[in-house]
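To start, the structure itself, in C-alpha cells.
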Amino acid sequence: MDKGKVSSGFLIESDGLFLLAHATQRKDDPNIKQFDGQWTVIKGELDANETVWQAAVRRAREMDKGKVSSGFLIESDGLFLLAHATQRKDDPNIKQFDGQWTVIKGELDANETVWQAAVRELKEEASLDLIEMFPSLVPTDTETPNFSYKTGRGKQVYLFWINDTMGLIKNANIEFKCTSILHGMPPKLAHRTGAPEVDAFMWVTKEEAVKMVFPSLRFLFK
C-alpha cells in the first residue's frame, strides 16, 4: 500500500503568515520561483522507533541547522513572568520598555527533548525548579508544547504554558537569579563575557508584556 512510509511535521503560522520551505529543484534550473508549486511545510519521514512528535521536532531542527529552543510562558494570578536579556551595549540601566524582555527559554542540548530543555533552562536562568516546588502546575513530559513559533533570526521555539490561577508562584516570594553565563562573545561585546544571560525579572500584565518583549513574542500577549 505505502510500504510503511509515515511522515510528520509542523504547519507553522506566525503573526498571520505561514512558513513554507522550497523543495530543491529536480531539474537544471537554479532559480527559485514563488509560484512553481515546489513549496511545502517542514516535514519528513519517521526514523525507526520514532514517534510522530519526535520526528516533527527532529525535522524542524534539521531544517533550521539545529537551532531549536524551548521554555515556559508562566502566568500566575493574571500576571506574566518576564526576564530581561542582559544589555549588549554600554548602558547599565534596565528599562521596562526597552524591548529586551523575553520569556525564560533556551536552546536544546544534545539528545535533549523540548521538555527537558525547558525545565533545565528555567533552573539555569531563574533558579526556579517547577517540578520540585510546584509539581501540580507542571505539564507532563509527554505533553505537546502550547506554542510554536520562529524568531526573527529563524530559530524554532516551543513553549509550555503554566497557568497558575491561584498565584502560587507569584506569591511564593521567590528570589529569581540567573546562573547561566554569557561566553564566547564577539570582540565588541567582550566586556559582557561572564555576565548572566538575563539580568532582571518582572511580573507584568498582558498589556505591559506586549510592549516589553521582543517582536517574535508579542503574539503571546495579544
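What residues qualify as long-range amide H neighbours of VAL198, i.e. H under 5 Å apart, gap of 5 or more or another chain, H built at 1.01 Å from N?
Amide H neighbours of VAL198: THR86.
In the range 121-184, which GluC sites (Glu not before Pro) are in a loop and have at most 11 other Cβ atoms within 10 Å, using DSSP for the loop call?
Those that pass, being in a loop and sparsely packed, are GLU143, GLU175.
Below 12 angstrom from the Cβ of LYS170, what's the summed charge of the other residues (Lys, Arg +1; Asp, Glu -1)?
Counting the neighbours of LYS170, the net charge comes to -3.
What is the distance, in nm, between label points placed 7 Å from the Cα along the Cα-to-Cβ direction at THR205 and at LYS5?
Spacing of the two 7 Å Cα→Cβ label points: 5.5 nm.
What number comes out for the charge environment of LYS206, summing +1 per Lys or Arg and -1 per Asp or Glu over other residues with Cβ under 13 Å away?
Summing Lys/Arg as +1 and Asp/Glu as -1 gives -1.
If eta is 1.567 mPa s and T is 4 °C, what Stokes-Einstein diffusion coefficient results for the range 66-180, Kirkwood Rh from Cα pairs, in µm²/s?
The estimated diffusion coefficient comes to 87 µm²/s.
At 0.36 nm per residue, minus the direct Cα-Cα distance, what do GLN116 and LEU168 gain on full extension? Give it in nm, one decimal, please.
On the way: separation 52, 0.36 × 52 = 18.72 nm, distance 2.25 nm.
Residue separation times 0.36 nm, minus the Cα-Cα distance, leaves 16.5 nm.
So with the 1.4 Å probe, I'd like the accessible area per residue for the range 98-222, rounded to whole Å².
Value returned for the range 98-222: 54 Å² of accessible area per residue.
The values are calculated or read from the model by the stated rules, or taken from the named source; none is laboratory data. Quick caveat, the model's predicted, so the values are computed rather than measured. Here Cβ is always computed from backbone atoms with ideal geometry, including for glycine, and neighbour counts include all displayed protein chains. Keep in mind that these areas ignore ligands, DNA and RNA; they rest on the heavy atoms of the full protein, side chains included. Shrake-Rupley method; radii C 1.70, N 1.55, O 1.52, S 1.80 Å.
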